[in-house]
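See below for the structure under consideration.
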Amino acid sequence: MKTRLSTIPQYGVSRLDGIASKAKGISRSVVATLLLAAVTPAFGGQEVEPQPGAAAHDPLQPLKDAGFTPSLNYWGEEFANFAGGTGRGAEYEGLLKLGLNIDLEKVVKWHGSSLYFAVEYPHGLGLTNKYVHDYNVLSNIDAYDSWRLFEAWVQQDFCNHHVSLRVGQLTTDNNFFISDNAALYVNSVFGELGTVSHNIFDPAYPVASPGVWLKVSPTASWYFQAMMVSDDPGAQDGDNKHGLRYNFGGGARPLSFFEFGYIRAGTEDAPILEGKYKIGAYYDAGLFRDNQGGSPHHGTSAWWGVVDQQLYRESYQPKEPFCGLSAFGRISTAQKDRNPVTFYFDAGLNYTGPIAHRQKDILGVAFIYERLSSLLQQPDGSPVPSHHEHVLEATYLCTLNDHFAVQPDIQYIINPGAMHTIPNALAGGLRFIISF
């Protein structure tokens with residue numbers, strides 16, 4: 001029987017409950033080397049302007065021309081809990097991600113097909129389980145320490161790329177219910193909705209599930225996508241520590257996601273205030289415990305809506321990159337008789353280019369409201385004393401060059417654990433991002 005909340009421990013439930021992460025340690029010399037390579041173009045002296053018509057040198061270009069496009073990303077952060085929560089302290093954690101996209105049309109003349117693999121290594125201790133004990137997870141890179149295969153799939157495009165079919169190890173939080181503007185923020189709940197992460201065992205960072213994904217884009221503005229995966233991806237700290245578990249049978253049931261979207265976009269020569277609008281739902285065919293101890297329920301579902309909208313643009317000159325104010329909002333609901341989280345809402349404002357000559361920097365402030373079911377009971381059968389947790393986050397992404405960025409971030413978490421047993425927490429820190 002599936003349930004995101006088989007019991008309600010003292011400090012609530014999160015995706016990482018019961019995980020005692022250990023910093024197994026990516027070599028400090030490796031991180032230092034990545035940092036040096038990333039920041040050198042920004043701080044290594046005067047940049048040399050390329051000659052007119054000359055292309056920037058890319059040592060990997062011959063490999064890319066042959067159909068192999070590798071990627072390397074590293075996120076590192078030092079965060080501290082300054083007040084409230086269950087204790088004060090600071091911790092470092094990081095995430096290394098290695099990817100490889102293979103263009104099978106170039107490699108084996110298989111028209112319209114591609115292959116993708118991603119391997120990840122999360123490491124270090126997070127604040128959620130040690131100092132804050134919030135219901136959600138304070139950092140979106142927080143995960144059990146282990147090397148793991150994340151995504152692995154093959155994709156075939158049809159009808160001049162208007163139809164795409166993907167099969168393999170898939171994740172939901174790279175495709176569905178995502179806001180481009182919300183992706184700026186550090187708290188994990190700005191990625192995966194609370195009505196998803198707490199109510200079902202969906203494949204989301206850092207685990208994936210075998211499945212199939214279909215996307216149909218009849219025009220550049222409209223699309224429909226659907227995905228069916230196993231609803232039993234395994235536990236990141238238990239039976240799926242390395243991403244090599246492929247569960248097609250046993251207690252696994254089909255988990256389906258659907259989403260319609262509309263994209264309002266301009267062109268380089270005619271920029272406009274752009275927007276993206278989405279509505280979607282999921283259905284999990286498993287069995288779910290009744291929140292009041294009644295008969296189990298067959299299946300559960302939730303729906304969501306997502307809006308990303310530019311509100312103000314500093315310039316409408318052709319080929320000018322966007323600088324200005326954008327907003328986002330997401331809302332989702334689920335049944336209260338079988339789900340821990342029944343209502344979720346977030347919203348935020350982002351300003352791109354807040355400082356002159358810093359067109360890639362982004363300043364943002366956002367808020368989430370998450371409400372738990374009023375029918376939830378504690379292990380002794382008494383009602384849960386509170387049914388909500390909120391997060392206010394402010395952040396600034398400072399892009400120093402194409403390979404390196406830093407991001408100071410501060411979060412105020414109201415009612416951590418959603419049970420009125422923990423003081424409101426104030427946490428913050430600094431993240432750096434390396435991309436190649």
Checklist (1) part of a loop (DSSP other than H, G, I, E, B); (2) of a type in the set (Val, Ile, Thr); (3) closer than 22 Å to HIS297 by Cβ applied to THR195, failing item: (1)
Answer residue from the range 100-154, given it is among the small types (Gly, Ala, Ser) and either under 23 Å from LEU214 (Cα atoms) or surrounded by fewer than 20 Cβ atoms within 10 Å (Cβ to Cβ) (or both) and is nearest to the chain's Cα centre (by Cα) among those: ALA118
ALA83 touching a strand residue (DSSP E or B) at 6+ places or on another chain (Cβ under 9 Å), at pLDDT 95 or above, surrounded by 14 or more Cβ atoms within 10 Å (Cβ to Cβ) and hydrophobic (A, V, I, L, M, F, W, C): no
Within the range 269-326, tally of residues that are assigned to a loop (DSSP other than H, G, I, E, B), within 30 Å of GLY251 (Cα to Cα) and not hydroxyl-bearing (Ser, Thr, Tyr): 7
Residue within the range 115-126 that is part of a loop (DSSP other than H, G, I, E, B), touching a Gly at 6+ places or on another chain (Cβ under 8 Å), among the aliphatic types (A, V, I, L, M) and in contact (Cβ under 8 Å) with a residue 12 or more places away in the chain present: no
Filter result for PRO318 (surrounded by fewer than 17 Cβ atoms within 10 Å (Cβ to Cβ), touching a residue at least 40 places away in the same chain (Cβ under 8 Å) and more than 18 Å from TYR185 (Cα to Cα)): yes
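Residue-wise test of (1) in contact with a Pro (Cβ under 9 Å, 6 or more places away or on another chain); (2) more than 21 Å from LEU372 (Cβ to Cβ).
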{"site": "PRO271", "(1), (2)": "yes, yes"}
{"site": "LYS278", "(1), (2)": "no, yes"}
{"site": "ASP290", "(1), (2)": "yes, no"}
{"site": "GLY293", "(1), (2)": "no, no"}
{"site": "TRP304", "(1), (2)": "no, no"}
{"site": "TYR316", "(1), (2)": "yes, yes"}
{"site": "SER326", "(1), (2)": "no, yes"}
{"site": "SER332", "(1), (2)": "no, no"}
{"site": "ASN339", "(1), (2)": "no, no"}
In the range 401-436, the residues that are in contact with a Lys or Arg (Cβ under 7 Å, 6 or more places away or on another chain) and of a type in the set (D, E, K, R): ASP409
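Just the residues that are more than 22 Å from the chain's Cα centre (by Cα) and either closer than 24 Å to TYR277 by Cα or part of a strand (DSSP E or B) (or both), please, taken from the range 336-371.
Within the range 336-371, the subset more than 22 Å from the chain's Cα centre (by Cα) is 336-338, 353-359.
Within the range 336-371, just GLY353 meets the criteria.
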Inter-residue pairs, beta-carbon under 9 Å, first without any contact (Cβ under 8 Å) to a residue 12 or more places away in the chain and in the range 166-190, second assigned to a helix (DSSP H, G or I) and surrounded by 23 or more Cβ atoms within 10 Å (Cβ to Cβ), 6+ apart: ALA183/PHE190
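Counting only residues that are polar (S, T, N, Q) and out of contact with any strand residue (DSSP E or B) (no Cβ under 7 Å at 6 or more places or on another chain), which one in the range 155-181 is surrounded by the fewest Cβ atoms within 10 Å (Cβ to Cβ)?
We begin by selecting, within the range 155-181, every residue polar (S, T, N, Q); these are 155-156, 160, 164, 169, 171-172, 174-175, 179, 181.
Restricting the remaining residues to those that are out of contact with any strand residue (DSSP E or B) (no Cβ under 7 Å at 6 or more places or on another chain) gives 160, 174.
Details: ASN160: 7, ASN174: 16.
Among them, the one singled out is ASN160.
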Breaking point among (1) among the β-branched types (Val, Ile, Thr); (2) buried (at least 18 other Cβ atoms within 10 Å of the Cβ); (3) closer than 17 Å to TYR185 by Cβ, for THR342: (3)
Verdict on ASN174 being modelled with pLDDT under 95 and within 16 Å of the chain's Cα centre (by Cα): yes
Every residue from the range 350-398 that is surrounded by fewer than 18 Cβ atoms within 10 Å (Cβ to Cβ) and touching a His at 6+ places or on another chain (Cβ under 8 Å): PHE367, TYR369, SER374, PRO385, SER386
Residue among TYR135, TYR121, TYR131, TYR116 that is of a type in the set (Phe, Trp, Tyr) and at pLDDT below 95: TYR135
Enumeration of residues in the range 237-251 that are surrounded by 13 or more Cβ atoms within 10 Å (Cβ to Cβ) and either at positive phi or modelled with pLDDT under 80 (or both): GLY243, TYR246, ASN247
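The values are calculated or read from the model by the stated rules, or taken from the named source; none is laboratory data. Values in this document were obtained by computation on a predicted structure and should not be read as measured data. Don't worry about glycine lacking a Cβ; one is built from the backbone with ideal geometry, like all the others, and counts go over all protein chains shown.
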